[in-house]
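The structure under discussion appears below in the form of structure tokens.
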Amino acid sequence: MILRPLNADMATTSVTFAWTPTRTANVSDFEARLRERVARNEQLAQERASAEQEMDRAVEAAEERRAQEERERRQRQDARHAELADRLAELVEKVRDLGSSVTVRAGWSASGEEYLARFATVDVRPQRALSVELDRDDDEVLVRWHSAVGESLELYHLLEFDTGMLEELVLQVIDDDLWSGRTVPPAFPGNPD
């Protein structure tokens, strides 16, 4: 804004202006509101940082829980594998001791993670063989029929399979009545025929 004298006499006269702010109250209100908003923003930033830390703690706790659950599941799997391998080894010995018309081969794989057993009939019709693989690291029980009437395969998780199912399979391979007149292998334990 440019100030000009109103007349020529005023051009040589010095004029003093006194300015009194009329908006002092408005400026003070603005500064107060500005400080208030800045303070609120800082408070929100602290709340966000706190919430992020809490979320990080919750994520860490959830990951630890999942890791613990996985360790416990793995321990159960390992225990089930050991239980099944021990029972299968016992069944192998019992079938061998009976001197039945079934030959048996069994043992651990070179890696030590699988226990394998194969029961095969000799001079029996229909010829049949049962293979059982207990795989600890892959969490699997693979059961397979090879027979003159067909082949079938079933895959179980270790924790879904139990020693009773193993016993039933060994009884099935030996049971001539079960196989008599069949056109397909019998159903695996837990499955409808």
Restricting the stretch 72-111 to residues that are at negative phi and in a strand (DSSP E or B), the one nearest to the chain's Cα centre (by Cα) turns out to be 108
Determine which member of the set 116, 134 is touching an Asp or Glu at 6+ places or on another chain (Cβ under 6 Å), at pLDDT 90 or above and assigned to a strand (DSSP E or B).
116
Do you know which of the residues in the stretch 141-153 that are in contact (Cβ under 8 Å) with a residue 12 or more places away in the chain, in a strand (DSSP E or B) and surrounded by fewer than 17 Cβ atoms within 10 Å (Cβ to Cβ) is nearest to the chain's Cα centre (by Cα)?
142
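Kindly indicate which of 91, 84 is under 30 Å from residue 184 (Cβ atoms), among the aliphatic types (A, V, I, L, M), at pLDDT 90 or above and in contact with a Phe, Trp or Tyr (Cβ under 8 Å, 6 or more places away or on another chain).
Details: 91 fails: in contact with a Phe, Trp or Tyr (Cβ under 8 Å, 6 or more places away or on another chain).
Step by step, each of 91, 84 is checked, and only 84 is under 30 Å from residue 184 (Cβ atoms), among the aliphatic types (A, V, I, L, M), at pLDDT 90 or above and in contact with a Phe, Trp or Tyr (Cβ under 8 Å, 6 or more places away or on another chain).
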Residues (in a loop (DSSP other than H, G, I, E, B), aliphatic (A, V, I, L, M) and either more than 30 Å from residue 74 (Cα to Cα) or in contact with a strand residue (DSSP E or B) (Cβ under 8 Å, 6 or more places away or on another chain) (or both)) located in the stretch 159-193:
184
Are there any pairs with C-beta distances below 7 angstrom linking a residue in the stretch 80-97 that is farther than 17 Å from residue 157 by Cα to a residue that is crowded, with 20+ Cβ neighbours inside 10 Å and of a type in the set (Gly, Ala, Ser), with the two at least 6 apart or on different chains, and if so which?
92/117
Residue 121 being farther than 26 Å from residue 81 by Cβ and crowded, with 17+ Cβ neighbours inside 10 Å
yes
Please enumerate the residues belonging to the stretch 159-193 that are under 27 Å from the mean Cα position of the chain (by Cα), over 19 Å from residue 92 (Cα atoms) and either surrounded by 19 or more Cβ atoms within 10 Å (Cβ to Cβ) or at pLDDT 90 or above (or both).
160
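The values are calculated or read from the model by the stated rules, or taken from the named source; none is laboratory data. All values reported here derive from a predicted model rather than from experimental measurement. In this analysis, Cβ positions are derived from the backbone assuming ideal geometry, glycine residues included, and neighbour counts consider all displayed protein chains.
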